[in-house]
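Visitor: Have a look at the structure that comes next, please.
The values are calculated or read from the model by the stated rules, or taken from the named source; none is laboratory data. This is a predicted model, so every value here is computed, not measured. Cβ sites come from the backbone with ideal geometry, for glycine too, and all protein chains shown count toward neighbours.
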Amino acid sequence: MLSASHIRKTFDGAEVLRDVSLSVKEGEVVAIIGRSGSGKSTLLRCINHLEKIDSGEITIGKDTLVSSVDGKAVYAPQDRLRALCLKMGFVFQSYNLFPHWTVLDNLCIPQTAVLHRSRREAEKKALALLSRVGLGDRGSAYPCQLSGGQQQRVAIARALALDPEILCFDEPTSALDPELTREVLTVIRDLAKEKHTMLIVTHEMKFAREVADRIVFMHEGVIAAQGTPDEIMKGGNEQLLAFMGDLDQ
Amino acid sequence: MQYLNDPERLMKLLTQLTHGFGTTLSIFAMTLIISLPLGMIVALGRMSRHKLISAPVSFYILIMRGTPLMLQLFAVYFFLPRLIGPIPRLNAVYIAFGLNYAAYFAEIYRGGIMSIPPGQYEAAQVLGFTRSQTFMRIILPQTVKRVLLPVSNEVITLVKDTSLATAIAVSEMFLTAKNMTSSSGSVEPLFIAGVFYLLMNAVVTAFFNFLTNRFNYYHD
Ligand SMILES: Nc1ncnc2c1ncn2[C@@H]1O[C@H](COP(=O)(O)OP(=O)(O)O)[C@@H](O)[C@H]1O
Ligand SMILES: [Mg+2]
């Protein structure tokens, strides 16, 4: 479904991703864990074309987003890029809802403006998604009137409204206190039960073990270990053990 | 007291000032009609990634903000006719004021656009909005709210700046009042003109307060 191979990315000469390869199968939930600064967000952002890679290859289904010629990244043309990226949804740490639109418009306008759905159809879908994330009655509110947890649930519904094949999350709960974290994680857990393909960067270790089919551990720009939650917990990777040790404290 | 205690002369003064005020209003309105949209084009040019566009636009803004409006008015009035033939005085005022205020509005718009968090662009991108959709539907509407206050400052300044048209003998309200003061030796016409400007700015202020309230339905 999604495959990223030999991704390299530098910021002003500093190597942030060093030959990272990752693939996600249909229906699979992959959690990415690792210390702050290990390159988790950068990897997710590169996959979603929010950052440009230096070299490597990314394909979604059968389509190539970017490939490399002579060690230099070559991207698909602008229109194809847009269409390809639409196969992925992205949920940000800081929600990034559009503050000047109501919750309902945040869910409907992308559908009408980008997918050219009718307003009626868009609203039907939006209302169904809102009740699914437990906010069926907040359609007419503005984002500033919602709690962080509610805003993040709207952001998830907004991403789902475009029917992405893969949903990506970049630390969706790290701006939230424990109570609000729980309500957001419940929504993601339900999506996992429905076999949505998901790629989740998270620091919630317990949650990762519970929902992920596979856990990927990143360390200093490389994937240092990966496997099923059980394999990861048993595995002997030194950095991973140190990371888990720090988490337990 | 030559006017304020003589109803007949006062009426004559008010009639003439009102007549001049019509010209003042048309300078005010035409300047805004030209400069409010032109400022957006200038702002976009200033933010262009192509040096060939952004460099000349920066220079234009530097000249417009860095030299006196009155000097620019003279320049338009005396030099433009050499290029395109004679133009009415009032048109020279519209052009000079329009070009000058566009530069100020451009910098205000630019500040507003740059203050929109990058996350808004990123969210728009991952949702598949095109660049022009992103600008028109997401960035611009939020920018309007953010620039309302600085724009209102400029508009209030413009009300008073219209009196600079006196420099090329356009008979707007200030010149009318000044001439009546010269001929009568009384400062009352100038004083009353001042009251006109004040009232006009009270209306402008009320209008912007209304707009600000209209945009209070959300905050970010
Ligand atoms: N836009 C950027 N410019 C420069 N350096 C960046 C940028 N984004 C991330 N980095 C650097 O790349 C490294 C990896 O960052 P990131 O992917 O955000 O890590 P993580 O999400 O795992 O905490 C860090 O050292 C960070 O400072
Ligand atoms: Mg991160």
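Visitor: Do we find that A:A83 is more than 16 Å from ligand 2 (Cβ to nearest atom), surrounded by 15 or more Cβ atoms within 10 Å (Cβ to Cβ) and not in a loop (DSSP other than H, G, I, E, B) in this structure? Break it down stepwise before answering.
Guide: Numbers: more than 16 Å from ligand 2 (Cβ to nearest atom): yes; surrounded by 15 or more Cβ atoms within 10 Å (Cβ to Cβ): no; not in a loop (DSSP other than H, G, I, E, B): yes.
Taking the combined requirement at face value, the residue does not satisfy it.
Visitor: Looking at (1) without any contact (Cβ under 8 Å) to a residue 24 or more places away in the chain; (2) within 19 Å of B:M70 (Cβ to Cβ); (3) among the hydrophobic types (A, V, I, L, M, F, W, C), which is the one condition that is false for B:A124?
Guide: Only one criterion in (1) without any contact (Cβ under 8 Å) to a residue 24 or more places away in the chain; (2) within 19 Å of B:M70 (Cβ to Cβ); (3) among the hydrophobic types (A, V, I, L, M, F, W, C) is unmet by B:A124, namely (2).
Visitor: Just wondering, is there one or more residues in region B:25-44 that are more than 17 Å from the chain's Cα centre (by Cα), in contact (Cβ under 8 Å) with a residue 12 or more places away in the chain and either more than 30 Å from B:R146 (Cβ to Cβ) or part of a helix (DSSP H, G or I) (or both)? Before the answer, list the steps.
Guide: So the first thing to find is which residues in region B:25-44 are more than 17 Å from the chain's Cα centre (by Cα), and the list is B:44.
The next check asks that each one be in contact (Cβ under 8 Å) with a residue 12 or more places away in the chain; those that pass are none.
Looking through region B:25-44, none of the residues is more than 17 Å from the chain's Cα centre (by Cα), in contact (Cβ under 8 Å) with a residue 12 or more places away in the chain and either more than 30 Å from B:R146 (Cβ to Cβ) or part of a helix (DSSP H, G or I) (or both).
Visitor: Does region A:179-195 contain at least one residue that is within 14 Å of chain B (Cβ to nearest Cβ) and either in contact with a Ser or Thr (Cβ under 9 Å, 6 or more places away or on another chain) or under 26 Å from A:L84 (Cα atoms) (or both)?
Guide: Restricting attention to region A:179-195, the residues satisfying the condition of being within 14 Å of chain B (Cβ to nearest Cβ) are none.
No, that holds for no residue.
Visitor: Quick one: would you say A:S21 is within 16 Å of ligand 1 (Cβ to nearest atom) and either modelled with pLDDT of 95 or more or within 14 Å of chain B (Cβ to nearest Cβ) (or both)? Quick ask: steps written out before the conclusion?
Guide: On the way: within 16 Å of ligand 1 (Cβ to nearest atom): no; either modelled with pLDDT of 95 or more or within 14 Å of chain B (Cβ to nearest Cβ) (or both): yes.
So A:S21 fails the test.
Visitor: Does A:R45 count as within 15 Å of ligand 1 (Cβ to nearest atom) and either more than 14 Å from the chain's Cα centre (by Cα) or aromatic (F, W, Y) (or both)?
Guide: Values: within 15 Å of ligand 1 (Cβ to nearest atom): yes; either more than 14 Å from the chain's Cα centre (by Cα) or aromatic (F, W, Y) (or both): no.
So A:R45 does not fit the description; no.
Visitor: Got a sec? Which of A:L50, A:L81 is of a type in the set (A, V, I, L, M, F, W, C) and within 16 Å of ligand 1 (Cβ to nearest atom)?
Guide: On the way: A:L81 fails: within 16 Å of ligand 1 (Cβ to nearest atom).
Just one listed residue meets the conditions, A:L50.
Visitor: Now, a different point. Mind checking whether some residue in region A:144-154 is on the phi < 0 side of the Ramachandran plot, crowded, with 18+ Cβ neighbours inside 10 Å, in contact (Cβ under 8 Å) with a residue 60 or more places away in the chain and within 14 Å of another protein chain (Cβ to nearest Cβ)?
Guide: The answer is yes, given that some residue of region A:144-154 is on the phi < 0 side of the Ramachandran plot, crowded, with 18+ Cβ neighbours inside 10 Å, in contact (Cβ under 8 Å) with a residue 60 or more places away in the chain and within 14 Å of another protein chain (Cβ to nearest Cβ).
Visitor: Let me ask something else about it. Considering only residues that are within 13 Å of another protein chain (Cβ to nearest Cβ) and within 13 Å of the chain's Cα centre (by Cα), look in region A:159-172 and name the one that is farthest from ligand 1 (Cβ to nearest atom).
Guide: Pass one, region A:159-172, residues within 13 Å of another protein chain (Cβ to nearest Cβ): A:159-164, A:166-170.
Of the ones still in play, those that are also within 13 Å of the chain's Cα centre (by Cα) are A:159-160, A:164, A:166-170.
Details: A:A159: 19, A:L160: 23, A:P164: 21, A:I166: 18, A:L167: 18, A:C168: 13, A:F169: 12, A:D170: 7 Å.
Among them, the one singled out is A:L160.
Visitor: Just for region A:43-59: of the residues that are away from ligand 2 (no atom under 16 Å from the Cβ) and within 14 Å of chain B (Cβ to nearest Cβ), which one is nearest to A:V114 (Cα to Cα)? Let's see the steps before the verdict.
Guide: Taking region A:43-59 first, the residues away from ligand 2 (no atom under 16 Å from the Cβ) are A:49, A:52-59.
Those left that are additionally within 14 Å of chain B (Cβ to nearest Cβ): A:49, A:52.
Details: A:H49: 17, A:K52: 23 Å.
This residue is A:H49.
Visitor: Among the listed residues B:I139, B:I156, identify the single one that is under 30 Å from A:A157 (Cα atoms) and modelled with pLDDT of 95 or more. Lay out the reasoning, then the answer.
Guide: Details: B:I156 fails: under 30 Å from A:A157 (Cα atoms).
Just one listed residue meets the conditions, B:I139.
Visitor: Could I ask something else about it? Within region A:24-52, can you find the residues that are over 16 Å from A:L199 (Cβ atoms) and either modelled with pLDDT under 95 or hydrophobic (A, V, I, L, M, F, W, C) (or both)?
Guide: Initial filter on region A:24-52 (over 16 Å from A:L199 (Cβ atoms)): A:35-37, A:52.
Selection gives A:R35, A:S36, A:G37.
Visitor: Quick one: would you say A:V133 is under 23 Å from A:K87 (Cα atoms), in contact (Cβ under 8 Å) with a residue 40 or more places away in the chain and more than 14 Å from chain B (Cβ to nearest Cβ)?
Guide: Details: under 23 Å from A:K87 (Cα atoms): yes; in contact (Cβ under 8 Å) with a residue 40 or more places away in the chain: yes; more than 14 Å from chain B (Cβ to nearest Cβ): yes.
It is true that A:V133 is under 23 Å from A:K87 (Cα atoms), in contact (Cβ under 8 Å) with a residue 40 or more places away in the chain and more than 14 Å from chain B (Cβ to nearest Cβ).
Visitor: So which of A:K40, A:K62, A:K72 is farther than 30 Å from B:R146 by Cα, within 14 Å of ligand 2 (Cβ to nearest atom) and more than 14 Å from chain B (Cβ to nearest Cβ)? Spell out how you get there, then give the answer.
Guide: Working: A:K62 fails: within 14 Å of ligand 2 (Cβ to nearest atom); A:K72 fails: within 14 Å of ligand 2 (Cβ to nearest atom).
The match here is A:K40.
Visitor: Working only within region A:173-216, note down all residues that are assigned to a helix (DSSP H, G or I), within 16 Å of ligand 1 (Cβ to nearest atom) and over 18 Å from A:L22 (Cα atoms).
Guide: We begin by selecting, within region A:173-216, every residue assigned to a helix (DSSP H, G or I); these are A:178-193, A:205-211.
Next cut, within 16 Å of ligand 1 (Cβ to nearest atom) only: A:205, A:208.
Listed by number, the list holds a single entry, A:M205.
Visitor: Which fully enclosed helices (runs of 4 or more DSSP H) of region B:99-188 have 2 or more residues being touching a Cys at 6+ places or on another chain (Cβ under 6 Å) and farther than 24 Å from B:T212 by Cα? I'd like the intermediate steps shown before the answer.
Guide: Details: elements: B:118-126, B:140-161, B:173-184.
Those helices (runs of 4 or more DSSP H) do not exist here; none qualify.
Visitor: Let me ask you something else. What number of residues within region A:163-205 satisfy the criterion of being away from ligand 2 (no atom under 16 Å from the Cβ), in contact (Cβ under 8 Å) with a residue 60 or more places away in the chain and either among the charged types (D, E, K, R) or under 18 Å from A:S94 (Cβ atoms) (or both)?
Guide: Result for region A:163-205: 3.
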